């Protein structure tokens, strides 16, 4: 029962996080200019490198709970200590001016976050070789396939609504960012429902109920 609930939560979090990461990566310039008016290109580059770290940090938060539920606190602790050491080395190497500068710190974070998840996943498989069943693996492949279409949708929207030098202020940037997010999210949810992903079923059901309540005909009594 625990294994089933763990894999279900992990799948749901991956399904939710993937479109957010896609939007954050392709709309990083919009977000950077909206938050920081100065040095927006450099901030956008840093944020782009951090997108991978966002995904793996979310996955790590779920994966580490597996060990805590098994009353194993040493494995996450040891992996975290190794990750800290790796982060120091990578940050020192990548953040040099002749390499990537400040953006190297973001690259180091993404690399370390991915390494942590990979190590913990390997340890989980060693402890429980039947943990990742066929249903989970097929679901992840479907999510990755749908992510490809989400990436295409985000790329098309960024091409249709490019970031220009005249785009300033919350309204102009917020409109473009909102449209990119809306289309990417719609493609992700729609294709997930089309492919029969169970993560999309409750979301689509709620959206249908919301649409019915909004479009409900109003009776006028004379």
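Structural remarks
- For residue 101, the criteria (1) more than 30 Å from residue 138 (Cα to Cα); (2) without any contact (Cβ under 8 Å) to a residue 40 or more places away in the chain; (3) part of a helix (DSSP H, G or I) hold in every case but one, which is (3).
- Test: residue in region 5-22 that is assigned to a helix (DSSP H, G or I) and under 16 Å from residue 173 (Cα atoms): no
- Taking each residue of region 177-202 that is farther than 14 Å from residue 140 by Cα and looking for partners that are in a loop (DSSP other than H, G, I, E, B) with beta-carbon atoms closer than 8 Å, six or more apart or interchain, yields 177/27; 179/161; 180/27; 180/161; 181/27.
- Residue satisfying all of: in region 30-47; without any contact (Cβ under 8 Å) to a residue 24 or more places away in the chain and part of a helix (DSSP H, G or I); surrounded by the most Cβ atoms within 10 Å (Cβ to Cβ) among these: 32
- Boolean, residue 192 is under 30 Å from residue 86 (Cα atoms) and either surrounded by 15 or more Cβ atoms within 10 Å (Cβ to Cβ) or in contact with a helix residue (DSSP H, G or I) (Cβ under 6 Å, 6 or more places away or on another chain) (or both): no
Rule-based calculations on the coordinates, nothing more; no lab input. Keep in mind that what you see is a predicted model, and the values were worked out from it rather than measured. Cβ coordinates were reconstructed from backbone atoms using ideal geometry, including for glycine residues, and neighbour counts include every protein chain displayed.
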